[in-house]
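Asks: Below is one structure. I have some questions about it.
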Amino acid sequence: MRLLLAAEFIKLIKQSKTYYALGAILVIEILILVTAYFQGSTILDLLLDNLKQSFYFEGTLLNGNLIMYIVLNSLWFNVPLILMIVTSGIVTDEYKDGTMQTVMLQAVKKWKFITAKYIIAVLFTVLVIGFMMLTTFILAYSIFGNGDLVVYINTLNFFEADDAFHRICWAFASGAVSMVFYCVVSLTLAIFIKEAAKTWIAAALFLIITTLLLKVDFVLPVLNSFLFPKLIDNWQQMFYYEPDWTQILINNGILLLYTVAFGAAGTYVFHKKDIG
Amino acid sequence: MLAGNNLSKSYSSGKALDKVTINISAGQICGLLGRNGAGKTTLFKILCGLVKPDEGQVIINSKRAKPIGGIIERPGLYNFLNAYDNIKIFAGIQGAPTDKLSIEQTLLKVGLPVDRKDPVRNFSLGMKQRLGIAIALINDPECLVLDEPFSGLDPIGVASLITLIRKLAEEENIAILLSSHMMGEISKCCHFLYVIEKGEIVNAGITNELINRHITSFSITAANLMASSTLKKYTVEMGTNDARVVCTAAKVPSLLSELLQEGIEVTACTPVLTLEQLIKKAI
């Protein structure tokens, strides 16, 4: 397994698409930063105009913490979409280039090969989120500085600078779990579909449906609590005034179980399926 | 060494293989001739374990970690990596040596340069085929299957690949099965031929015997063939530079002797046998 992981790692770092993905994340961040730099104050003034008539705000609310929170919101669609496209390519490219056949003609166990791909995809996802967090942190704080955070989730919540940074860090960690779930799903879809373009469509559809189902009431409490579309926004729970840490932990644990289930299904199908 | 017994496989589009039996011994080069869609690739995929047969079994008498290697349809390579890294990746995943010397020896074995550092996407098809064979040979398999290895190669590439295939069989005692729809190329290097049509083996035999049994005409190249009185005894189709003479293989020595007596020096005499003839005769 160690040898397979090393090979998958070499393939990942030698492919240009890996750097395209990191570049795409950076472009999203820079766009957010540029927009915030030129229009952020105007938008904030517009949003908080009524509050400003009743409360006194010290310091600027357009700060590094707010920028990090805005960037964090790209975990809803932009980042998972990029990750799903890149990670599904780990499998679809092998089918397209015929290397899947070449690998399967070597003394390699099918389940080990595909498990190595899942592990590398997960590590890549965690790396991307880490890269996103680090670059946003550096850019946002160096340009906008520190300050209190205001976010709107059902109501306006205010957090002091230190508390805000703490919550943002945990949100990135929780968001990484959601991204890992999406990346494992995309790999499983790639195993089922094999073709890149069809897998991208299926992955995008999965992402859209999951996001839509997040707002749907399934009537049954167990579904409303534990069906995977209801668990993908765990990172958002960090910005409630008093987050339920136990529930966040349980939800992330269940989401990881879903991740393992999707991975196991993909591995089983890959093991049973003919190659070519 | 490599045997497929009564192999059958059906897809939704129809039956791809129907009770195919095939045997290849160590050091033997076997050819599988068939038109496109005859079932060659399906048979190869089954022999290599990529596809499970509906019926029948594959037997490989080998205790090696990798009993069989091969290229199916086209060499599947990591085009963004160079030849060295491709070998390193494929050797690494199966625990084969990945040191510089071993990799360079693998490259040299198939006649590839060790100093090319550019990605294999820049390689010619012939070089890709050689790299594909090098990858197939990692971990010393006892059998090698090559699906359409001559496809897309120029005559020099074909000749060079035939030399390599023969060398592997003779020097390393590898059982080799290769497929093609090109009669000429496959008959040059194979000891034994199987002919497949619509998923069934319709003809088989030792290459020379099979060709001799089915040959009906020869292409003769010489000067002044038009003036030959000997050729008037045969059914002849005159070409620009040769004459296609209808006769059996047994009559060729006397034909050549008569032509020589006439003062016509034959520079080439090639059997003309098409895949269709082998299929039709058998059916």
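Coordinate-derived values only; no laboratory data. Everything quoted here is computed from the prediction, not taken from an experiment. For neighbour counting, all protein chains shown are included, and Cβ atoms are generated from backbone atoms with ideal geometry for every residue, glycine included.
Asks: I need the Debye-formula profile for the protein assembly as shown: one equal scatterer per C-alpha, no solvent, reported as log10 I(q)/I(0) at q = 0.07, 0.09, 0.10 1/Å, two decimals.
Replies: Ignoring solvent entirely, the Cα scatterers give -0.58, -0.80, -0.91.
Asks: Oh, and also: Ranked by Cβ crowding within 10 angstrom, fewest neighbours first, how are A:M179, B:M127 ordered?
Replies: B:M127, A:M179
Asks: Over 32 Å between Cα atoms, which of A:K14/B:K9; A:K272/B:K167; A:K273/B:K40; B:K63/B:K109 qualify?
Replies: Exceeds cut-off: A:K14/B:K9; A:K272/B:K167.
Asks: Could you calculate the FRET efficiency of B:R121 with A:I43 from 1/(1 + (r/R0)^6), where r is the beta carbon distance between them and R0 is 35 Å, rounded to 0.05?
Replies: 0.15
Asks: Which ordering of B:H191, B:H214 is given by a fewest-first count of other beta-carbon atoms within 10 Å?
Replies: By the 10 Å Cβ count, ascending, the order reads B:H191, B:H214.
Asks: Report the Stokes-Einstein translational diffusion coefficient (µm² s⁻¹, integer) for the range A:2-272, Rh taken as the Kirkwood radius over Cα pairs, at 4 °C with viscosity 1.567 mPa s.
Replies: Value of D from the Cα-based Kirkwood radius: 65 µm²/s.
Asks: Between B:N36 and A:M1, what FRET efficiency follows from the Cβ-Cβ distance if R0 is 41 Å, with the result rounded to 0.05?
Replies: So the FRET efficiency works out to roughly 0.55.
Asks: Mind checking the mean number of beta-carbon atoms from other chains within 10 Å of the Cβ atoms in B:68-80?
Replies: Partner Cβ neighbours, averaged per residue: 5.
Asks: Quick one: what do you get for chain B if you divide its Cα Rg by 2.2 N^0.38 Å?
Replies: Against the empirical 2.2 N^0.38 Å value, I get 1.15 for chain B.
Asks: Beta carbons within 10 angstrom, averaged per residue: use that to sort the peptides A:149-162, A:228-241, B:149-162, highest first.
Replies: A:228-241, B:149-162, A:149-162
Asks: Let me ask another. Do the sum for chain A: with -39,500 (n - 2.57) for every DSSP H run of n ≥ 4, divided by all residues, what is the mean residue ellipticity at 222 nm, to the nearest 500 deg cm²/dmol?
Replies: Calculated at 222 nm, the ellipticity per residue is -25500 deg cm²/dmol.
Asks: Nearest 10 degrees is fine. How inclined is helix A:16-47 to the longest principal axis of chain A, computing both from alpha carbons?
Replies: Between the helix axis and the principal axis of chain A, the angle is about 20 degrees.
Asks: In this model, which of B:K66/B:K117; B:K19/B:K198; A:K112/A:K198 are farther than 18 Å apart at the alpha-carbon?
Replies: From B:K66/B:K117; B:K19/B:K198; A:K112/A:K198, over 18 Å: B:K66/B:K117; A:K112/A:K198.
Asks: Let's test the formula: R0 of 41 Å, r as the Cβ-Cβ distance of A:I138 and A:I250. What FRET efficiency results, to the nearest 0.05?
Replies: Once the sixth-power term is evaluated, E becomes 0.80.
Asks: If the reach is capped at under 13 angstrom between alpha carbons, list the aspartates and glutamates near A:K110, excluding any in the same chain fewer than eight residues apart.
Replies: By straight Cα distance, A:K110 reaches A:D274.
Asks: Per-residue mean of other chain beta-carbon atoms within 10 angstrom of the beta-carbon, peptide A:94-102?
Replies: Mean partner shielding for this stretch: 6.
Asks: Full extension from B:T216 to B:T21: what is 0.36 nm times the residue separation minus their Cα-Cα distance, to one decimal in nm?
Replies: 67.4 nm
Asks: Mind pulling the angle between the C-alpha long axis of helix A:196-213 and the longest principal axis of chain A? Nearest 10 degrees, somewhere in 0 to 90.
Replies: So the helix axis and the longest Cα principal axis differ by about 40 degrees.
Asks: Highest first, please rank the peptides A:198-208, B:237-247, A:83-93 by the mean number of other Cβ atoms sitting within 10 Å of their residues.
Replies: Taking the mean over residues of other Cβ atoms within 10 Å, the ranking is A:83-93, A:198-208, B:237-247.
Asks: As an exercise, take the mean of 1/r over every pair of distinct alpha carbons in the range B:47-107, invert it, and state the Kirkwood radius in angstroms.
Replies: 13.9
Asks: Counting other beta carbons within 10 Å of each Cβ, put B:R35, A:R2, A:R167, B:R121 in order, fewest first.
Replies: So the ranking, lowest neighbour count to highest, is A:R2, B:R121, B:R35, A:R167.
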